[in-house]
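In what follows, a structure is listed as structure tokens, so that the remarks can point back to it.
The values are calculated or read from the model by the stated rules, or taken from the named source; none is laboratory data. All of these numbers come straight from a predicted model, not from anything done at the bench. Note: ideal-geometry Cβ built from the backbone for every residue, glycine included; neighbour counts use all protein chains shown. Quick note on the areas: whole protein, heavy atoms, side chains included, nothing else; ligands and nucleic acids left out. Shrake-Rupley method; radii C 1.70, N 1.55, O 1.52, S 1.80 Å.
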Amino acid sequence: LRWPARSPDLSPIENVWSWMKKWIEDHHDVEALSLPQLRQAVQGAWDAVPPDFLRQLAHTMPGRLQQVIANGG
């Protein structure tokens, strides 16, 4: 079985990281955070990710896979 290369197109978690980054930037002065504060901010962002957003991303997987197949991937 050939395994497709890792690709942000196939990895919905990439969308979650982007969502979390924006949430952190909207709620914190990132440059002023100490390492412990940054860890807390990341945890806060993770806790704030809406479950519906995660469900929506999971439901996009069949379409993502079909696109890869259609493009010869």
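Structure values in brief
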read-out: Close pairs from segment 7-18: first under 17 Å from Ala48 (Cα atoms), partner open to solvent by 70 Å² or more (accessible area, probe 1.4 Å) and modelled with pLDDT under 90, Cβ under 7 Å, at least 6 apart; value: Glu14/Pro8
read-out: Residue under evaluation Arg55, criteria (1) surrounded by 13 or more Cβ atoms within 10 Å (Cβ to Cβ); (2) part of a helix (DSSP H, G or I), criterion not met; value: (1)
read-out: Those residues of segment 1-18 which are open to solvent by 70 Å² or more (accessible area, probe 1.4 Å), modelled with pLDDT of 90 or more and not small (Gly, Ala, Ser), in sequence order; value: Trp17
read-out: Count of segment 23-69 residues which are touching a residue at least 12 places away in the same chain (Cβ under 8 Å) and within 14 Å of Pro12 (Cβ to Cβ); value: 11
